[in-house]
Amino acid sequence: MSARFPRPATPLGPRARIAVVVAAVLLLAGGSLGYVLHAQHRSEGQRGAADASFTLTGPALYFRDTATGRVAHQPLAGTPGTRTGGGPSCDRFYASGDSALCLRAKPGVLPKTYAVVLDRRLRETRRITVPGVPTRARVSASGRMLSWTVFATGDSYATTSFSTRTAILDLRTGYLIKSIEDIPLTIDGARYHAPDVNYWGVTFARDDNRFYATVSTKGRTYLVEGNMRDWSAKVLRQNAECPSLSPDNTRIAFKKKVSDDPAAPWRLYVLDLRSMRETPLAETRSVDDQAAWLNDGTVAYALPGAAGRASDIWTVPADGTGSPRLAVVGGSSPVVVG
């Protein structure tokens, strides 16, 4: 019985050899690209992470240090300059309860924003990528509800050409509303529809259900009250932007347009939600910020800084008395923790 040997394989033709080589190159390239993207994502996370010793502990005033781009904190009664650094790298920051929200810009031809969710030790628990430039961030008192706003186009609230996207994230359920523009809106008791509706500057009530925000349409801005459970929103008044609800949930600090001068269009006011009476604050400079309440009697906000600094943080009484006080030299995104 003669031995049987396998038949020689048929030699590959030129086209087949080229196809094999191309496939191998693509396979290697794909693997390399995946490795590079993974390494890049990991590197970005490491560069932006907080130091291990930097956590949410209070009472303290937390803020973004404009010199380093990282979050820092100082004692509530501290003087400007007495700060502790080492927090995460953020362009906008806010924290409450056991949660923090860090908005991090990713520049490019088409800019993106990373909405980074952090726990009380400021470790990343979730990251959401959205197109646009970061501008507003808020966390509810319990730490459950998060919201952020990005500029889709344009770069200033002082123009009429910008477009915003505002999202809400429920950390308890994990449910993400990528844009609240589709929420049923009521103006003067009637349902309102328009293609130019924009929302920004959400602030949450203590019940994690009610929220306030700015809506713009037809060249006007409105303060709206929203309801998460009913998924509805109604206009409360006109000419109110970037609302911030007081800790006792009775008043809203907001910026009101008082001038057509693009260099100084706004002034800070406080609205009493029971009487709907508004009070101008002692800060007469134009504030383009979503103010934060340090307590029931004081609000904080950022203004362009002196000596070339991007911004400084100031405080002013919420009842219209007193005068502004410099709280942080070279800071933005103020929030009291604890």
Problem set entry | Count of residues meeting criterion [free of Cβ contacts under 8 Å to residues at least 40 places away in the same chain, touching a strand residue (DSSP E or B) at 6+ places or on another chain (Cβ under 7 Å) and either part of a strand (DSSP E or B) or open to solvent by 20 Å² or more (accessible area, probe 1.4 Å) (or both)] in region 265-282 | 6
Seminar exercise, completed: How many residues of region 199-231 are open to solvent by 20 Å² or more (accessible area, probe 1.4 Å), among the polar types (S, T, N, Q) and over 19 Å from F254 (Cβ atoms)? The answer is 1
Exercise. So, of the residues in region 294-311 that are in contact (Cβ under 8 Å) with a residue 60 or more places away in the chain and not basic (K, R), which turns out to be most open to solvent (accessible area, probe 1.4 Å)?
Worked result: A310
For this session: Could you tell me whether region 283-293 includes any residue that is farther than 28 Å from A67 by Cβ and either part of a loop (DSSP other than H, G, I, E, B) or in contact (Cβ under 8 Å) with a residue 12 or more places away in the chain (or both)?
Result: no
Problem set entry | Any chance D288 is touching a Pro at 6+ places or on another chain (Cβ under 7 Å), surrounded by fewer than 23 Cβ atoms within 10 Å (Cβ to Cβ), charged (D, E, K, R) and modelled with pLDDT of 95 or more | no
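This table checks each residue for (1) modelled with pLDDT of 95 or more; (2) assigned to a strand (DSSP E or B).
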{"residue": "R42", "(1), (2)": "no, no"}
{"residue": "G58", "(1), (2)": "no, no"}
{"residue": "T82", "(1), (2)": "no, no"}
{"residue": "G87", "(1), (2)": "yes, no"}
{"residue": "L101", "(1), (2)": "yes, yes"}
{"residue": "L122", "(1), (2)": "yes, no"}
For this session: Would you point out which residue out of D248, D196 is open to solvent by 10 Å² or more (accessible area, probe 1.4 Å), outside any strand (DSSP E or B), modelled with pLDDT of 95 or more and not β-branched (V, I, T)?
Result: D248
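The values are calculated or read from the model by the stated rules, or taken from the named source; none is laboratory data. Keep in mind that what you see is a predicted model, and the values were worked out from it rather than measured. Virtual Cβ from ideal backbone geometry, glycine too; neighbours counted across all protein chains shown. Note: accessible area is taken over every heavy atom of the protein model, side chains too, but ligands, DNA and RNA are not part of it. Shrake-Rupley method; radii C 1.70, N 1.55, O 1.52, S 1.80 Å.
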